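Some notes on the structure that comes next.
Please treat every number below as a calculation from the coordinates, not as lab data. Please read all numbers here as calculations on a predicted model, not as lab measurements. For neighbour counting, all protein chains shown are included, and Cβ atoms are generated from backbone atoms with ideal geometry for every residue, glycine included.
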Amino acid sequence: MSPSKQGHCLCGAVQVQVDGLADEISACFCDLCMRFGGGLQMGIEAKPDTVRITGPVKSHRSSALAERAWCDDCGSPIWFRYVAGRDHGYLELSPGLFSNAGDARLTRVVYADRHPDGYWIEGHSVAHVSQRDYEAENPHLNDGVAP
Ligand SMILES: [Zn+2]
Ligand SMILES: [Zn+2]
């Protein structure tokens, strides 16, 4: 975990302060993340009780298990959060809220085999996890729609 980080959305109306921000970024190519993220969704895990967010945030319950939130003024994605199921309370913040992506690095791409034909994502040392393997690790996802 890193020291306190400050972040904000594109327009600045949503301000984020977090003490317990992880140093690893995950990316997801599932259908929901592709649509919400504009082509890919990336997140950094944060300890919810260390996160303080102010401003006009709205959220959408994207599946039985999770919600996604954005700035209601400029549309920047703010968070992904599990709101039910095994991982209830797990929170990821958008790397782009922070300068230098919060000093975190990409370590994991999930639903990796679901990437579109036209693009892909690489990092310095990245695990690529297929839909099949990810859902085998997370069988509760099949209780709802994918994450
Ligand atoms: Zn904004
Ligand atoms: Zn996803």
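For the range 99-106, state whether one or more residues are of a type outside the set (A, V, I, L, M, F, W, C), under 21 Å from L141 (Cβ atoms) and touching a residue at least 24 places away in the same chain (Cβ under 8 Å).
Step one: of the range 99-106, the residues of a type outside the set (A, V, I, L, M, F, W, C) are 99-100, 102-103, 105.
Narrowing further to those that are under 21 Å from L141 (Cβ atoms): none.
No - not one qualifying residue is present in the range 99-106.
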- Item | Qualifying positions in the range 59-86 - in contact (Cβ under 8 Å) with a residue 40 or more places away in the chain, away from ligand 1 (no atom under 15 Å from the Cβ) and over 17 Å from M42 (Cα atoms) | S63, A64, L65, A84, G85, R86
- Mind listing whichever residues of the range 58-117 are in a loop (DSSP other than H, G, I, E, B) and of a type in the set (A, V, I, L, M, F, W, C)? A64, L65, C74, V83, A84, A104
- Based on what the data block shows, is S63 in contact with a Gly (Cβ under 6 Å, 6 or more places away or on another chain), surrounded by fewer than 21 Cβ atoms within 10 Å (Cβ to Cβ) and over 18 Å from Q6 (Cβ atoms)? yes
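Does at least one position in the range 23-31 carry a residue that is in contact with a strand residue (DSSP E or B) (Cβ under 8 Å, 6 or more places away or on another chain) and either surrounded by fewer than 17 Cβ atoms within 10 Å (Cβ to Cβ) or free of Cβ contacts under 8 Å to residues at least 12 places away in the same chain (or both)?
The first filter runs over the range 23-31 and keeps only residues in contact with a strand residue (DSSP E or B) (Cβ under 8 Å, 6 or more places away or on another chain), leaving 23-30.
Those left that are additionally either surrounded by fewer than 17 Cβ atoms within 10 Å (Cβ to Cβ) or free of Cβ contacts under 8 Å to residues at least 12 places away in the same chain (or both): 23-24.
Yes, the conditions are met somewhere in the range 23-31.
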- Could you run through the range 1-55 and say how many residues are in contact with a Phe, Trp or Tyr (Cβ under 6 Å, 6 or more places away or on another chain) and either within 16 Å of ligand 1 (Cβ to nearest atom) or of a type outside the set (K, R) (or both)? 5
